[in-house]
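Novice: Below is the structure I would like to discuss, written out as structure tokens.
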Amino acid sequence: MFGFSPLSETPLSTLPGVGATIIVSTNSIPVEILGGTVLTTKTIPVEIIGIKTTPAGLKWVLSSRGVQWVIDPQELKWTIE
Amino acid sequence: MAVTSSDLVLYASANMPLNDNNTSGGAINSGIRVTFTDPSSAAQLIIFSSSASDTSQTLALKGRNAAGSIITESMSLDGTTNVTSSNTFERVLTAELSDVGVGNITVSGNGVNQIAEIPIGENGFLRPFYDATTSASSSKTLYEKIFVKNNNTSSTLDGATLIPVAATGLASQITYGIEDGKASPQSVSNRTTAPTGVDTFGSGASGVYPNGTGVLTAYDYQGFWLKMSLEANESAINSFYEIQVSGTTS
């Protein structure tokens with residue numbers, strides 16, 4: 001006589017393809033995003049000054065009989081002009 | 001933390017001469033910046049701090065009035081309360097605190113734009129080539145040194161590069177040269193003397209030392225010289241030099 005075992009009596013784990021453990025592998029892949037290019041514009045104030053001139057001082061003049069004397073600003077002496 | 005544009009700062013060197021006779025260059029002065037904005041029109045200046053504790057410092061100001069004369073004024077900080085200058089400034093030449101602030105110190109034109117903000121731990125700002133005057137009979141070349149510094153506390157600026165902005169301000173009269181050393185303290189006897197520690201002066205993009213391929217790590221800095229050429233009998237001008245700082249960050 002052939003024996004008969006109802007399917008329900010067979011442990012599921014013994015059946016092919018049933019009860020296999022599913023392995024889930026979590027992989028962390030390093031990825032970087034750079035901040036990118038930093039670009040900053042710097043404005044440096046600069047001035048250029050034109051030629052500095054010394055204002056002319058007072059000129060002391062002494063005239064007599066067609067002859068003219070002026071004071072030398074360096075020597076502070078009368079000189080004939 | 002990635003490097004941001006505000007981390008990249010231009011600072012003065014220790015010797016920014018007031019004339020053509022004194023020493024020019026030297027080490028970095030990390031308390032004095034060389035960037036600020038002039039008042040859009042002549043105005044009194046206002047100063048105040050972000051901290052009420054800043055009441056003991058004075059701010060020494062030099063500038064020009066509308067007639068072009070140099071004027072000076074010492075202003076006393078009063079914490080967060082606005083203090084207004086007696087003088088009217090058409091432009092600013094130098095501004096230096098007697099001591100660093102507990103808070104950020106704002107310098108502003110009264111009724112016009114902000115001039116600068118002096119960060120905590122710094123002393124002020126200045127204009128390079130102070131009182132640079134043209135000659136009646138001959139051309140003249142002046143050299144002054146400034147630095148670019150990465151103030152980021154941890155990150156590096158890779159491929160750090162300087163790029164002058166063409167066709168703006170005094171771009172046709174000012175070139176620059178990167179020093180062949182990272183934090184070199186080189187100076188020259190006066191600003192009419194060319195520095196020796198510079199390979200070339202130019203107006204193109206150039207990476208920092210070494211060989212234009214360098215990086216600026218956290219708090220790292222690179223010196224470079226500005227070379228300004230003045231023609232004989234050149235007219236006076238109030239202008240600027242514009243330069244970009246570029247690089248990549250992670």
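The values are calculated or read from the model by the stated rules, or taken from the named source; none is laboratory data. Not measured: the values here are computed from a predicted model. Counting neighbours? That spans all protein chains shown, and the Cβs are built from the backbone with ideal geometry, glycine included.
Novice: State all residues of region B:12-23 that are more than 11 Å from chain A (Cβ to nearest Cβ) and touching a Phe, Trp or Tyr at 6+ places or on another chain (Cβ under 9 Å); if no residue qualifies, say none.
Specialist: B:13, B:16, B:17, B:18, B:19
Novice: Looking only at region B:157-176, decide whether some residue is within 13 Å of chain A (Cβ to nearest Cβ), in contact with a Ser or Thr (Cβ under 9 Å, 6 or more places away or on another chain) and free of Cβ contacts under 8 Å to residues at least 24 places away in the same chain.
Specialist: Yes, some residue in region B:157-176 is within 13 Å of chain A (Cβ to nearest Cβ), in contact with a Ser or Thr (Cβ under 9 Å, 6 or more places away or on another chain) and free of Cβ contacts under 8 Å to residues at least 24 places away in the same chain.
Novice: Is it the case, given these coordinates, that residue B:201 is at pLDDT 95 or above, within 12 Å of another protein chain (Cβ to nearest Cβ) and out of contact with any Asp or Glu (no Cβ under 6 Å at 6 or more places or on another chain)?
Specialist: Spelling it out, it is not the case that residue B:201 is at pLDDT 95 or above, within 12 Å of another protein chain (Cβ to nearest Cβ) and out of contact with any Asp or Glu (no Cβ under 6 Å at 6 or more places or on another chain).
Novice: Name every residue in region B:123-154 that is surrounded by 22 or more Cβ atoms within 10 Å (Cβ to Cβ) and of a type in the set (Asp, Glu), in order of residue number.
Specialist: Within region B:123-154, B:144 is the sole residue that qualifies.
Novice: Further question on the same structure: Can you pull out every residue in region B:80-114 that is surrounded by 16 or more Cβ atoms within 10 Å (Cβ to Cβ), in a loop (DSSP other than H, G, I, E, B) and touching a strand residue (DSSP E or B) at 6+ places or on another chain (Cβ under 6 Å)?
Specialist: Result: B:90, B:101, B:103, B:104, B:112.
Novice: Can you list residue pairs whose Cβ atoms sit under 6 Å apart, with the first residue in region B:76-105 being under 13 Å from residue B:127 (Cβ atoms) and the second being among the acidic types (Asp, Glu)? Count only pairs 6 or more apart in sequence or on different chains.
Specialist: Once the first residue is under 13 Å from residue B:127 (Cβ atoms) and sits in region B:76-105, its partners that are among the acidic types (Asp, Glu) give B:91/B:38.
Novice: Moving on to the next point. Would it be correct to say that residue B:182 is within 16 Å of the chain's Cα centre (by Cα) and closer than 18 Å to residue B:30 by Cβ?
Specialist: Against the criterion (within 16 Å of the chain's Cα centre (by Cα) and closer than 18 Å to residue B:30 by Cβ), residue B:182 does not qualify.
Novice: Count, please, the residues in region B:212-250 that happen to be more than 10 Å from every other protein chain (Cβ to nearest Cβ), surrounded by fewer than 16 Cβ atoms within 10 Å (Cβ to Cβ) and part of a strand (DSSP E or B).
Specialist: 1
Novice: How many residues, within region B:34-73, are among the basic types (Lys, Arg) and either within 18 Å of residue B:237 (Cβ to Cβ) or in contact with a helix residue (DSSP H, G or I) (Cβ under 9 Å, 6 or more places away or on another chain) (or both)?
Specialist: The total comes to 1.
Novice: Now a separate question. Are any residues in region B:38-57 part of a strand (DSSP E or B) and out of contact with any Leu (no Cβ under 7 Å at 6 or more places or on another chain), and if so, which ones?
Specialist: Matches in region B:38-57: B:43, B:44, B:46, B:48.
Novice: Here's another thing I want to ask about it. Look through region B:164-200, keep the residues that are under 18 Å from residue A:45 (Cα atoms) and touching a Gly at 6+ places or on another chain (Cβ under 8 Å), and return whichever of them is surrounded by the most Cβ atoms within 10 Å (Cβ to Cβ).
Specialist: Only one residue tops the list, namely B:176.
Novice: Can you find a residue in region B:220-239 that is touching an Asp or Glu at 6+ places or on another chain (Cβ under 7 Å) and basic (Lys, Arg)?
Specialist: The answer is no, given that none of the residues of region B:220-239 is touching an Asp or Glu at 6+ places or on another chain (Cβ under 7 Å) and basic (Lys, Arg).
Novice: Can you run down the residue pairs with Cβ atoms below 9 Å, 6 or more apart or on separate chains, where the first is in region B:64-75 and touching a residue at least 40 places away in the same chain (Cβ under 8 Å) and in a strand (DSSP E or B) and the partner is of a type in the set (A, V, I, L, M) and surrounded by 11 or more Cβ atoms within 10 Å (Cβ to Cβ)?
Specialist: Here the result reads B:70/B:93, each pair linking region B:64-75 to a residue that is of a type in the set (A, V, I, L, M) and surrounded by 11 or more Cβ atoms within 10 Å (Cβ to Cβ).
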